[in-house]
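Data block below; observations after.
None of the figures in this text is laboratory data; all of them are computed from the coordinates on show. Please read these numbers as outputs of a predicted model, since none were measured by experiment. Here the Cβ is made from the backbone with ideal geometry for all residues, glycine too, and neighbour counts use every protein chain on show.
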Amino acid sequence: MSSESAKDTEKRGAQEPRDSDGWAMFSTLLAGVLVWTGIGWIADWLLGFDALFLPIGAVLGLVGSVYLIVVKSRQA
């Protein structure tokens, strides 16, 4: 292999998604939803509500996770 073809491969490799990128996005999404749903559940428990903050936390976690995924993917 010549050094030019290795450089071309490195340039293409930087733009192509890696196999781990999908798992990173999935784990970010899952973690955000679970953490914020848990925070909502704890807020419900502490404040004496049945299910007020739990769905709010789930939606906030989903929206926040999607936002982080979009920001990360645009930087790469």
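Cut-off is 10 Å between beta-carbons; in what order do Thr28, Thr37 appear when sorted fewest neighbours first?
Sorted ascending by nearby Cβ count, the order is Thr28, Thr37.
Determine, for Trp23, Trp41, Trp36, the number of other Cβ atoms within 10 Å of each Cβ, and report the residues in order from fewest to most.
Trp23, Trp41, Trp36
Can you tell me the FRET efficiency between Arg74 and Ala51 if r is taken as the Cβ-Cβ distance and R0 is 25 Å, rounded to the nearest 0.05?
0.10
Residues with amide H under 5 Å of Leu52's amide H, sequence separation 5 or more or different chain, H placed in the peptide plane at 1.01 Å from N; which?
Answer set, sorted by chain and number: none.
Counting only Cα, what are the radius of gyration and maximum Cα-Cα distance Dmax of the stretch 20-75, in Å?
Considering the stretch 20-75 through its Cα atoms, Rg and Dmax are 13.0, 42 Å.
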